[in-house]
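FYI, it's all coordinate maths here, none of it is from the lab. Since this is a predicted model, take the numbers as computed values, not measurements. Positions of Cβ are generated from backbone atoms using ideal geometry, with glycine treated the same way; all protein chains shown enter the neighbour counts.
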Amino acid sequence: MTQDPFSGQTPTPMPSDPPVDRELAHAHQLTDDEYDQVIELLGGREPTFTELGVYSVMWSEHASYKNSILQLKTLPRSGGKLLVAAGEENAGLVDIGDGLAVAFKVESHNHPSAVEPYQGAATGVGGILRDVFTMGARPIACLNSLRFGPPEDDRVRYLVDGVVRGIGDYGNCVGIPTVGGEVYFDEAYRGNPLVNAMAVGIVEHDKVLKATAGTEPGNPVIYIGSRTGRDGIHGATFASEELSEESKSRKSNVQVGDPFTEKLLLEATLELGDTDALVGIQDMGAAGLTCSSCEMAGKDGAGIFLDLDKVPRREEGMTPYEVLLSESQERMLVVAKRGREQEVFDIVRRWDLQAVEVGFVTNDGRMRASADGQLVLDIPVDTLVLGGGAPQYVREVEEPAPAPALSVTEPQDFRNATLQLLASSNVASKRHVYRQYDHMVGASTRLEPGRGDAALVRVAGTNKVLSIAIDCNGRQLSLNPREGARQAVAESCRNVACTGAQPLGITNCLNFGNPYKPKMYWTFVEAVGGMGEACRAFGTPVTGGNVSFYNENPSGAVFPTPVIGVVGLAEDASKTIGMGFTREGDAIFLLGPDRAGWAGSEWQNITEGSPSGELTPIDLELEAKLQEFLIKSINCGWISAAHDLSDGGLVVSLCEMALTSPNRSIGALLEREEDVTASWLFAEGPSRVVVTVSPMVIDEFEEAVEAAGLPIEWIGTTGGKGVGFRGVFSVSFDEMADAYDNGLERALGLKPNA
Amino acid sequence: MKWGVIVFPGSNCDRDAYDVLGRVFGQDVRFIWHKETELGDVDGILLPGGFSYGDYLRSGAIARFSPVMNEVIAFANKGGIVIGICNGFQMLTESGLLPGALRQNHSLRFICQDQPVRVERTDTRFTNACTPQQVLRIPIAHHEGSYFLAEDELKRLEDRNGVLFRYCSLSGDVDAESNPNGSVNNIAGIINEGGNVLGMMPHPERRCDALIVHDDGRAIFESVIDQFVNA
């Protein structure tokens with residue numbers, strides 16, 4: 001079929017449709033203004049029930065970014081080695097040379113994971129993988145950023161268990177290594193866990209697939225993958241409201257994943273990418289068939305006609321509304337060149353997947369669909385998509401009261417403080433978590449979880465390696481969103497620099513509360529502002545990402561948590577390094593300013609329970625110099641190990657470097673002429689890194705530090721049976737290991753080594 | 001040597017095995033699709049890790065019935081070299097080429113970690129490049145890796161020295177503490193009576209390139225290839 005059999009007609013309600021009125025529009029989370037706008041855009045007529053559903057999902061926060069897009073546009077979104085501007089395609093795309101590009105993106109699946117942790121997290125992984133392979137890129141790594149309430153809470157333990165199993169079972173089965181991430185616990189996330197998943201893939205420049213229907217009318221629209229069921233209907237709308245007691249009844253809004261089908265879909269898609277039979281391809285993610293068809297049609301101004309009766313179903317009696325809004329997983333929409341559809345069918349069916357022609361491209365700029373012999377939908381495509389007629393708002397802002405004054409009791413017993421910090425669930429080894437993820441499949445993971453500041457994954461067929469990190473300290477943002485966001489970008493990029501790789505670009509997942517609350521919106525605007533400042537200072541454009549509002553429940557909102565994912569590149573994999581001490585007798589230096597404070601620190605967290613005080617501000621220029629220096633001197637071979645100072649400050653970093661030395665055999669002997677103070681040992685501040693340097697190259701190294709104008713302090717030598725500060729205190733390997741290895745399991749009430 | 005790496009729907013270590021045999025060891029290697037009914041001219045078959053057919057029903061249980069497995073079974077029965085890694089090991093037990101079964105890990109969780117294993121014999125075609133009792137660090141990544149065999153059969157397996165690898169500590173101690181998944185007698189890998197079929201849960205193909213952590217896994221491929229070439 002290439003002719004619209006309902007040409008000239010307007011859609012009519014299905015017999016089973018409820019009457020559409022303002023009340024129903026409200027129930028679909030459209031405001032009065034928005035509903036009036038819908039009627040106007042439809043030329044004065046009321047929408048059908050099906051059309052109302054389509055507007056509801058396409059104008060939901062999740063799909064339309066209506067309350068965030070104008071802020072996001074202030075971020076640097078092009079330049080550098082970016083091959084597509086942010087938001088243009090499913091994921092960011094950055095050149096890495098030799099005709100290759102890296103595609104990457106991070107996305108939230110917070111709401112589904114809060115009500116159904118296993119499937120919520122699993123489908124989060126599935127969705128982000130599809131975003132990457134929809135572009136023709138083979139995924140080579142996954143990461144994730146997780147936030148939970150206090151680990152002692154039974155519900156939290158249930159969520160942790162389900163989320164980790166969900167991420168593991170999905171990624172392990174598809175066969176993409178989960179190479180890194182972060183897990184934090186804080187009261188602020190008790191009711192609202194955050195589950196952000198990131199995927200990274202590699203594609204040849206000339207094999208990049210685009211999410212477009214093209215402009216050629218008559219080209220076939222082909223549905224591939226799993227059948228459509230009733231799962232996940234209104235998932236996008238669900239993600240656009242606060243969680244409440246009723247949220248548990250939203251379980252049916254959560255999709256169910258099948259990683260085996262995803263693996264087949266991945267291979268089929270990449271095989272399709274090897275042909276030139278496709279015009280475009282788009283995965284069916286949030287808002288399902290609706291969103292994918294609208295986005296493809298909207299890209300180049302075409303239209304699409306869909307015959308919904310042809311859509312493969314899993315259940316009997318589904319209405320057009322349900323078919324269009326279903327978020328059943330593992331499905332793709334393809335526009336093929338007319339005459340080449342058989343090639344598409346052959347490839348997809350070889351992988352035992354469905355491939356069905358469900359419609360065709362038109363040139364009337366409209367999204368039209370029929371079912372059961374009648375036209376059910378006729379909407380101008382550009383009124384549905386981002387950048388077209390979808391609403392865009394700047395919300396009201398109100399500056400909240402400043403953060404509470406600093407409250408902290410400095411540690412007196414340094415040895416105990418060290419062990420307390422190492423055992424804290426935020427600092428302790430995340431082995432319990434990453435052991436459940438296959439982090440090695442692909443045989444390319446050069447630096448595995450827990451071994452360095454970022455993960456290193458080799459690019460097949462080259463000497464290159466990608467360095468990937470994901471990070472955010474919500475406590476810092478809760479004190480000062482602008483400064484906290486600057487530091488979040490800085491830390492993520494610094495993590496990549498500490499392995500010897502050059503950061504190329506960032507992807508972000510902005511987890512915030514309800515944007516209709518002025519204080520929350522102020523926080524959001526400030527954080528985006530700070531992020532932009534840092535990205536410009538480091539020359540790392542934002543390649544894309546995701547906004548998750550409404551992370552809020554009756555007891556309050558989460559900390560503002562703009563999670564930053566960074567991808568960096570090192571041309572020579574053999575030069576890159578981890579954080580473990582590699583040899584006895586290396587000099588240990590602390591690079592960066594001697595400025596640290598307690599505000600938002602882990603010590604403050606474990607002793608006071610909540611953050612307070614003013615953050616130590618970051619000097620972005622100094623930070624950029626520091627990163628440039630790290631990358632250069634690691635590639636010169638001067639630095640044998642590097643680790644940035646983060647949660648728990650200097651001592652925690654030194655202990656982690658000792659604990660990741662070969663067979664835990666190399667400790668650190670530290671000394672200082674000045675007083676060894678609690679603040680020097682445990683307080684936190686930006687732009688600080690511990691590095692080790694072989695005595696053979698120490699002169700060159702110190703000259704280079706001076707030339708770079710960086711503050712530096714020699715603090716000791718690697719070696720010994722633990723970490724010791726001469727004349728002050730020491731901890732043995734056994735003590736460190738017991739605290740660090742078992743801290744998380746103990747906090748979660750699990751057996752050691754679980 | 002000429003190698004075939006079988007590709008089942010859901011295999012996900014097939015490309016790793018292909019890369020190691022081809023790029024690292026310079027072997028003549030090709031993929032064989034699960035629907036094929038002939039193996040062609042090959043000297044060795046590698047059944048890769050992954051989740052064949054989603055591991056629905058039971059790991060390896062459906063793969064055992066795929067068209068190509070009949071050919072693999074016939075090839076093995078004629079003395080052809082077959083290596084099954086992880087999901088491949090599960091297929092070998094499901095298809096009866098090797099005794100026993102792989103059950104869920106005792107922790108009931110997926111476990112992925114570098115894992116020391118002790119080489120129990122060095123007089124086989126898979127371990128002749130190793131030293132007696134050598135400890136190799138070869139990663140495991142499985143949810144169903146707990147090897148089980150009823151007592152009488154286990155005795156038979158041990159009596160014929162069918163166990164090639166046992167989970168151990170870094171210093172080579174085989175004990176409960178060094179057993180990651182509850183396998184009987186810490187069994188990580190076994191061979192058939194003919195000595196031509198190897199099944200193991202650890203993934204040697206992940207540790208053949210020193211740039212990717214370390215290359216302890218090389219010894220196993222080197223053993224097979226060198227013996228074949230020098231035979």
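Each Lys and Arg contributes +1 and each Asp and Glu -1, all at the Cβ; summed about the Cα centre of the stretch B:87-145, the dipole is approximately 100 debye. To test your reading of the geometry: what angle, between 0 and 90 degrees and rounded to tens, separates the Cα axis of helix A:620-635 from the longest principal axis of chain A? Helix A:620-635 sits at roughly 80 degrees to that axis. At a threshold of 8 angstrom on Cα-Cα distance, excluding pairs fewer than six apart, so keeping six or more, what relative contact order does chain A reach in percent? Once normalised by length, the contact order is 15 percent. Say a paramagnetic label sat at a point 7 Å from the Cα of residue B:226, along Cα to Cβ; which residues of the stretch B:24-48 have their backbone N under 19 Å from it? The answer is B:24-28, whose backbone nitrogens lie closer than 19 Å to the label point. Computed 3J(HN,Hα) for the stretch A:284-289, one whole-Hz value per residue from the Karplus formula 6.51 cos²θ - 1.76 cosθ + 1.60 where θ = phi - 60°, is 8, x, 4, 6, x, 4, glycine and proline marked x.
Database remark: amide H of residue B:28 closer than 5 angstrom to the amide H of B:3 (H placed geometrically; neighbours at sequence offset of 5 or more, or on other chains; Pro and chain starts carry no H). Note on residue A:632: lysines with a C-alpha under 17 Å away, same-chain residues under 8 apart excluded, are A:464, A:575. Farthest towards the positive end of the charge dipole of the protein assembly as shown, among the residues A:365, A:730, A:465, is the Cα of A:465, using unit charges on the Cβ of Lys, Arg, Asp and Glu. Inter-chain neighbour count for B:1-13: the average number of beta-carbon atoms from partner chains within 10 Å of each residue's beta-carbon is 3. What angle do you read, to the nearest 10 degrees and between 0 and 90, between the alpha-carbon axis of helix A:649-659 and the longest principal axis of chain A? So the inclination is approximately 90 degrees. Using the Cβ-Cβ distance between residue A:22 and residue A:698 with R0 set to 60 Å, the FRET efficiency from 1/(1 + (r/R0)^6) comes to roughly 0.20. Exposure proxy ranking for A:625, A:73, based on other Cβ atoms within 10 angstrom of each Cβ and starting from the fewest, stands as A:73, A:625.
With an a/c value under 1.5 for the gyration tensor axes a ≥ b ≥ c computed over the alpha-carbon atoms, the stretch B:2-230 is described as rounded.
The angle between the Cα long axis of helix A:117-133 and the longest principal axis of the Cα atoms of chain A comes to about 80 degrees, rounded to the nearest 10.
With +1 on each Lys and Arg Cβ and -1 on each Asp and Glu Cβ, and nothing else charged, work out how big the dipole of the protein assembly as shown is about its Cα centre, in Debye to the nearest 20.
On the way: 83 positive and 135 negative charges, 317 e Å.
Charge dipole, the protein assembly as shown, about its Cα centre: 1520 debye, nearest 20.
Whole-Hz Karplus values for the stretch A:30-47 come out as 9, 7, 4, 4, 5, 5, 4, 5, 4, 4, 5, 5, 8, x, x, 9, 5, x Hz, taken residue by residue from phi with 6.51 cos²θ - 1.76 cosθ + 1.60 and θ = phi - 60°; glycine and proline positions read x. In a reduced charge model with +1 at each Lys and Arg Cβ and -1 at each Asp and Glu Cβ, the stretch B:2-230 shows a dipole moment near 240 debye about its Cα centre. Rounded to the nearest 500, the 222 nm mean residue ellipticity of the protein assembly as shown from helices alone is -9000 deg cm²/dmol, with -39,500 (n - 2.57) taken per DSSP H run of at least 4 residues.
Mean per-residue shielding of peptide A:429-442 is 5, counting Cβ atoms of other chains within 10 Å of each Cβ. Across the protein assembly as shown, the convex hull enclosing all Cα atoms gives 156 Å³ per residue. Label-to-label distance for residue B:169 and residue A:276 is 6.3 nm, based on points extended 7 Å past Cα in the beta-carbon direction.
Remark: for residue pairs A:310/A:337; B:35/B:78; A:207/A:310; A:66/A:310, the C-alpha separation exceeds 26 Å in A:207/A:310; A:66/A:310. Remark: mean inter-chain Cβ contacts per residue of A:443-449 equal 6, using a 10 Å Cβ-Cβ cutoff to other protein chain atoms. For residue A:517, the aspartates and glutamates whose Cα comes closer than 15 Å to its Cα, not counting residues fewer than 8 places off in the same chain, are A:61, A:241, A:242, A:396, A:398, A:399, A:526, A:552.
When the charge dipole of the protein assembly as shown is built from unit charges on Cβ atoms (+1 for Lys and Arg, -1 for Asp and Glu) and taken about the Cα centre, the candidate among A:566, A:391, B:201 whose Cα reaches farthest toward its positive end is B:201.
Packing-based ranking of A:42-49, A:81-88, A:258-265 yields A:258-265, A:81-88, A:42-49, ordered from highest to lowest mean Cβ neighbour count within 10 Å.
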